[in-house]
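Working notes, structure below.
The values are calculated or read from the model by the stated rules, or taken from the named source; none is laboratory data. From a predicted model like this one, the values you see are computed outputs, not experimental measurements. Note that each Cβ is placed from the backbone with ideal geometry, even for glycine, and that neighbours are counted across all protein chains shown. Just so you know, the surface numbers come from the protein's heavy atoms only, side chains and all, with ligands and any DNA or RNA stripped out. Shrake-Rupley method; radii C 1.70, N 1.55, O 1.52, S 1.80 Å.
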Amino acid sequence: MNAGVPPILSVRNLSVRFGGPENILTALDQVSLDLREGEFLLAAGSNGSGKTLLMRCIAGLLKAQEGEILLRGSPRVGIVFQDAEAQILGETVEEDAAFGPKNLGLSREETERRVEAALEAVGLGEKRKGSPRRLSGGEKRRLAVAGVLAMGCDIIIMDEPFANLDWPGVVQVLEILRSLKQAEKSLIVLTHELEKVLALADRLLILHRGLVRDNGNPAAVLDRLDPAWGVRDPRRNYHSVGDCSWLDES
Ligand SMILES: Nc1ncnc2c1ncn2[C@@H]1O[C@H](COP(=O)(O)OP(=O)(O)OP(=O)(O)O)[C@@H](O)[C@H]1O
Ligand SMILES: [Mg+2]
């Protein structure tokens, strides 16, 4: 995982505040993190912990009041938003996936080649002529991933990639994540559903109320998890129906 080389992405002391002097909300508070090439960072945090804001800052969509974001070697950063609907740009599935590579100024042939490969990779090859708006929620998310693949992004960031997906949909997204990991892409997944993806993560970061509370080896971070951070240790076995509850004492 290239431990010796500088990180491909560094976030340094990032702070984002909202409101005025009387009702100030520090939504991100001196957040720092490193992402190494080929690394899979899982950033977990409860609702409102600052995950989406952090992603928006890294994507350059939001300017933080303090701190900096350093990218090494001009990597291409691809973002998959939680709301895949908002990311739809084309009239057909293939047009949508072609939007990114076209914007990069690639030739028509190269764009077509990449779009075909990307749609095939996410299992949408057969729907290429259809309308993206008529895709299911899971298919829309896979289309957003295809767009990022077609652009040849080096860093891929996904915000709540499992939101609103059923079990097969979650499995499809996980398979994509696994193949991105195998292709040695640098990945950040921001989610509160860590139980779905923990096995793929190289590192686990816990965000709570805008602060990085922990960041390290996933098992070690879970061992020292503070329940007050609103993240649940998923290493619990369900053996019977009676165990299947998120209430601690069922
Ligand atoms: N434009 C804004 N104005 C004021 N407060 C904001 C704004 N955008 C975000 N916030 C606040 O910043 C905090 C972090 O929001 P963010 O969307 O990053 O949370 P999140 O971790 O992505 O939550 P979720 O799991 O619900 O998606 C929240 O308390 C939110 O209300
Ligand atoms: Mg969010």
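Tabulated results
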item	result
Most mobile listed residue (SER179, SER240, SER15) in the chain, GNM with C-alpha springs under 10 Å	SER240
Mean accessible surface per residue for the range 99-169, computed with a 1.4 Å probe while every protein chain stays in place, in Å²	51
Counting DSSP beta bridges with both ends in the chain, the antiparallel % (nearest 5)	50
Overall form of the range 171-249 per C-alpha gyration tensor (a/c, 1.5; a/b vs b/c)	oblate
In the range 1-58, GluC sites (Glu not before Pro) in a DSSP loop with at most 12 other beta-carbon atoms within 10 Å	GLU22
Chain lengthening between GLU85 and SER131 when straightened (0.36 nm per residue, less Cα-Cα)	15.4 nm
Heavy-atom SASA rank of ARG209, ARG224 (probe 1.4 Å, accessible area, largest first)	ARG209, ARG224
Low-density loop positions, trypsin sites (Lys or Arg not before Pro), the range 1-82 - DSSP coil, at most 10 other Cβ in 10 Å	LYS63
Over the range 1-151, relative contact order from alpha-carbon pairs under 8 Å, at least 6 apart, %	22
222 nm mean residue ellipticity, helices alone, for the chain (DSSP H n ≥ 4; -39,500 (n - 2.57); rounded to 500)	-8500 deg cm²/dmol
Heavy-atom accessible area per residue - the range 1-70, 1.4 Å, Å²	49
Dimensionless Rg ratio for the range 131-220, taking C-alpha atoms and the 2.2 N^0.38 Å reference	1.14
Computed magnitude of the charge dipole of the range 77-173 (debye, nearest 20; Cβ of K, R +1, Cβ of D, E -1)	160
P(r) tail fraction, the range 1-101 - alpha-carbon pairs more than 18 Å apart, %	58
Approximate spin-label separation HIS239-GLU193, in nm, with each point projected 7 Å along Cα-to-Cβ	2.8
Charge dipole magnitude, Cβ of K and R +1, D and E -1 - the chain, Cα centre, debye nearest 20	360
Estimated distance in nm for a label pair at LEU200 and LEU62, the labels positioned 7 Å out from Cα along Cα-to-Cβ	2.4
Evaluated at q = 0.12, 0.16 Å⁻¹: base-10 log I(q)/I(0), Debye formula over Cα of the chain	-0.74, -1.22
Chymotrypsin sites (Phe, Trp or Tyr not before Pro) lying in DSSP loop within the range 162-244, provided at most 11 other Cβ fall within 10 Å	TYR238
Pairs of lysine residues in the chain - Cα separation under 28 Å, sequence separation of 8 or more or cross-chain	23
Net charge, ASN47 excluded, C-beta distance under 14 Å - Lys, Arg +1, Asp, Glu -1	0
ARG76-SER10 pseudo-label distance in nm [points 7 Å out on the Cα-to-Cβ vector]	2.6
Principal-axis tilt of helix 167-182 within the chain, Cα atoms, nearest 10 degrees	80
Whole-angstrom gap from the range 63-108 to the range 8-46, using each part's C-alpha centre	21
Three-way shape label, the range 142-188, alpha-carbon gyration tensor, a/c 1.5	prolate
Fraction of accessible area attributable to carbon and sulfur, the chain (%, probe 1.4 Å)	49
